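Every read-out reported here was derived from the displayed coordinates using simple, explicitly stated rules and does not represent laboratory data. Just so you know, these numbers come straight off a predicted model, no measurement behind them. Every residue, glycine among them, receives a Cβ derived from its backbone with ideal geometry; neighbour counts consider all protein chains shown.
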Protein chains: 2
Amino acid sequence: MTTSESKLLVGIDIGGTKTAVLLSAEPPQVIARREFPTRPEQGPQRALELIKSGIREMLAEHGACEQSIARLGVSCGGPLDRIKGIIQSPPNLPTWDDVPIKAILEEAFHAECLIENDANAGAVAEHRFGAGKGSQNMVFLTMGTGLGAGVITDGRLYRGTNDLAGEVGHLRLTRTGPVGHNKKGSAEGWASGGGMAQVAQQAVAAAIKKKRPTRLSKLYRSGSPITAKDIGAAARQGDKVALEVLESTGEKLGEVLAILVDLLNPDRIVIGGLAMRLGDLLLEPARRVIAREALELPAKTCQVIPAELGESIGDAAALCIAMRI
Amino acid sequence: MTTSESKLLVGIDIGGTKTAVLLSAEPPQVIARREFPTRPEQGPQRALELIKSGIREMLAEHGACEQSIARLGVSCGGPLDRIKGIIQSPPNLPTWDDVPIKAILEEAFHAECLIENDANAGAVAEHRFGAGKGSQNMVFLTMGTGLGAGVITDGRLYRGTNDLAGEVGHLRLTRTGPVGHNKKGSAEGWASGGGMAQVAQQAVAAAIKKKRPTRLSKLYRSGSPITAKDIGAAARQGDKVALEVLESTGEKLGEVLAILVDLLNPDRIVIGGLAMRLGDLLLEPARRVIAREALELPAKTCQVIPAELGESIGDAAALCIAMRI
């Protein structure tokens, strides 16, 4: 059987920086892949054309026709209307206001198109192919600039009533504090890349005032924002101020995870983004706080581990959507 | 067909104060009911004998034999081992340490016996027969002396990995504060009957000091503990101190509910116990806090209402377990 006769899946991962388009066999095996910068500031039209032409090119290269597409799956930032298939102004895609991507791609390729927000799609991908394999009750945390989550209960994705379950970044940890998800003292304010940068900014300012040396002072004085990457690099070189910032972020992350442990009693919490790069520098303080804050048996039962799919999570997530997992 | 030929269900609701035993047809229709004081201080043996003799008496009265029992369902306080059917020292049943109730009843009646903790069983009962009818994603809060929850996701009971999902009472709201679930400043410390009593005790002491009049001062001076019932009665008579206690408890309840709204995006939160008796005195402040603290669409989507089954919830809960719902 040649690829032109078998059924193919198309996965589309639309991020704020780059968009990937994949052609896969079913069961999943990637046949071809295209990637291009999303450039949201130029509006959605350009990216949509590149998605369509990318799919057509990959089909042509493999001697396959459009009729061989079984399904298309789109993973992108929320909010979105999953049923109608409309992308609704995600914060990472300015100008993408009410883009009916399902209708656009179904008209172009005459195959069903499914869409899902990236936290949910990532949860499904890690559950099926990554660090969540074999888990029954899992929370997948996306810890990047923001903080989001996808929730698996009894082996299935739990989306909630408006597809908005798992908005952990919006939970309140303190009355005041760094801002995340438009809320001071929120979980995203304290325990995300963006929040960590705010905490670092203050910590470095305080260190300079107290004449404590830190590798981050030069960056601070230059006026450039301190990023999670800078903090991680300094911490790995033993910088005490950076280590303190990581520890306090890890502890705040632990407070969030303790809530998840007490409420959802998961067997695994899988954390993507920063946790993959920073590992135990972030997760050890988090685990300590869980042991102190959450109920004993659920705390002992729940493994807290970094995600495994790394850079390929977007690809896997988009394919999972196309596979209707 | 006489009852002796048809299959019957037995529901057993074991509470800290009373135990009820029910005989029901299937589909559920209560045929007979017995109730007796549990008296946990006398050990489990007496209650277990009363359960067994109660079932036998009801069967005899209705000309039914033991073979006509299809299944028995037990609802009681956790922790318990649902699979093995063992009651493991629930706080409301001192002396009930590792009681293998499933084995005991299966040996006595040669029919399958299922057990479930009362928060989960209550959630299922309200979902099927009460204020949760038609809901897809529901949280049922038991707000009595303590604070617990049962969670329905996509129409099914979600139990978690150790049957310990929904331990909302253990969530931290503040660093210090009233004690609940062995934790200062916990949700149960702030937003339960027990927590409200602690808050009232302090509020009345402060009122007396400031010479503010309150109907609760006499009770306070007598040395008797102020209960949620006393606070409710005083509030209904317009007592300002009591109203303030209710409002602050309602606000703390709202903080807990906002966490549930952001994490689970339920279409309904159903609250039993105090919320049934105090209604909007408690729920209005809670709804205000949800509107302020939780995400807009999930907050608007989620109805927050009192439970409907009232005193009969234990009966319905036990029968739901026997029905394997």
- Query: Can you give the direction-averaged projected area of the convex hull of the alpha-carbon atoms in the stretch B:218-325, in nm²?
  - Reply: 8.6
- Can you list the HN-Hα couplings for the stretch A:253-266, worked out from phi with the Karplus curve (6.51, -1.76, 1.60; θ = phi - 60°), rounded to whole Hz and with x for Gly and Pro? 4, x, 4, 5, 5, 4, 4, 4, 5, 5, 7, 10, 6, x
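Quick check on chain A: helices-only [θ] at 222 nm, where DSSP H runs of length 4 and up contribute -39,500 (n - 2.57) each and the sum goes over total residues. Nearest 500, please. Display every interim value, and only then the final one.
On the way: 12 runs with 135 residues, N = 325.
Computed mean residue ellipticity for chain A: -12500 deg cm²/dmol.
Give me the mean projected area, in nm² to one decimal, of the convex hull enclosing the Cα positions of the stretch A:122-188. All intermediate terms of the calculation are to be shown ahead of the outcome.
Numbers: hull surface 19.7 nm².
Average of the hull's projected areas for the stretch A:122-188 equals 4.9 nm².
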- Item | Residues of type lysines that B:LYS184 reaches as a straight line, Cα spacing below 19 Å, ignoring anything fewer than 8 places off in the same chain | A:LYS252, B:LYS252
- Message: Could you identify the residue of A sitting closest to the A-B rotation axis by Cβ and state that distance rounded to whole angstrom?
- Response: A:THR153, 3
- Item | 3J(HN,Hα) from dihedral phi, the stretch A:163-179, Karplus parametrisation 6.51/-1.76/1.60, rounded to Hz, x for glycine, proline | 6, 10, 5, x, 7, 4, x, 8, 5, 8, 9, 9, 5, 10, x, x, 8
- Item | chain B: projected area of the alpha-carbon convex hull, averaged over directions, in nm² | 17.5
- Note on the structure: Spelling it out for B:ILE271: with amide H atoms placed in the peptide plane at 1.01 Å from N, the residues 5 or more places away or on another chain with amide H under 5 Å from its amide H are B:LEU141, B:ILE305, B:ALA307
- Give, in nm to one decimal, the length gained when the segment between A:ARG288 and A:GLN136 is fully stretched (0.36 nm per residue of separation minus the Cα-Cα distance). 52.3 nm
- Name the most mobile residue of A:CYS302, A:CYS113, A:CYS65, meaning the one with the largest mean-square fluctuation, in a Gaussian network model of chain A with Cα contacts below 10 Å. A:CYS65
- Backbone HN-Hα couplings from phi across the stretch B:209-214 [Karplus 6.51/-1.76/1.60, Hz, Gly and Pro as x]: 4, 8, 6, 7, x, 8
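For Cα pairs less than 8 Å apart in space and 6+ apart in sequence, what is the mean separation divided by the residue count of the stretch B:133-307, i.e. the relative contact order in percent?
That works out to 21 percent.
By the scheme Lys and Arg +1, Asp and Glu -1, what is the net charge of all other residues having a beta-carbon under 14 Å from that of B:THR161? Don't jump to the answer; show the numbers that get you there.
Numbers: positive: A:ARG268, A:LYS300, B:ARG82, B:ARG159; negative: A:ASP154, A:ASP262, A:ASP267, A:GLU296, B:ASP81, B:ASP163, B:GLU167.
Residues close to B:THR161 contribute a combined charge of -3.
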- Query: Ratio of Rg to Rh for the stretch B:41-132, alpha carbon only, Kirkwood?
  - Reply: 0.99
- Query: Can you list, shortest first in nanometers, how far B:LYS218 lies from the same residue in the other copies, with each label 7 Å from Cα toward Cβ?
  - Reply: 7.7
- Around B:GLU112, which amide H atoms from residues at least 5 apart in sequence, or from another chain, sit under 5 Å from its own amide H, with H modelled in the peptide plane? B:LEU72
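Report the net charge of residues surrounding B:GLU26, where surrounding means a beta-carbon distance below 10 angstrom and charges are Lys +1, Arg +1, Asp -1, Glu -1. Don't skip to the end; give the middle numbers.
Working: positive: B:LYS7, B:ARG71; negative: none.
Around B:GLU26, the surrounding residues sum to +2.
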- Message: Just to confirm the numbers: B:LEU243, label point 7 angstrom along the Cα-Cβ line, distances to the other copies in nm, shortest first?
- Response: 5.7
- Within the set A:ARG268, A:ARG287, A:ARG236, GNM on chain A using Cα springs under 10 Å gives the largest fluctuation to A:ARG236
- With just the Cα atoms of the stretch B:133-307, tell me how far they stretch along each of the three principal axes, in Å, largest first. 52, 30, 26
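Hey, got the dipole for the stretch A:135-285? About the Cα centre, +1 on K and R Cβ, -1 on D and E Cβ, debye to the nearest 20? It would help to have the intermediate numbers written out before the result.
Working: 19 positive and 14 negative charges, 186 e Å.
Charge dipole, the stretch A:135-285, about its Cα centre: 900 debye, nearest 20.
For B:296-306, what's the mean count of beta carbons from other chains sitting within 10 Å of each residue's beta carbon?
Numbers: counts 0, 5, 7, 0, 1, 4, 3, 0, 0, 0, 0.
What the average comes to for B:296-306 is 2.
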- Message: Please check: in the Gaussian network model of chain A (C-alpha springs, under 10 Å), which one of A:ARG82, A:ARG175, A:ARG292 has the largest mean-square fluctuation.
- Response: A:ARG175
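In the P(r) worked out for the protein assembly as shown, what percent of Cα pairs fall beyond 37 Å?
Details: 95645 of 210925 pairs.
Within the protein assembly as shown, distances greater than 37 Å cover 45 percent of Cα pairs.
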- Of A:ARG39, A:ARG324, how do they rank once you tally other Cβ atoms within 10 Å and put the fewest first? A:ARG324, A:ARG39
- Between the label point of B:LEU297 and that of the same position in each other copy, find the distances and list them shortest first in nm, with every label point placed 7 Å from Cα along the Cα-to-C-beta direction. 3.7
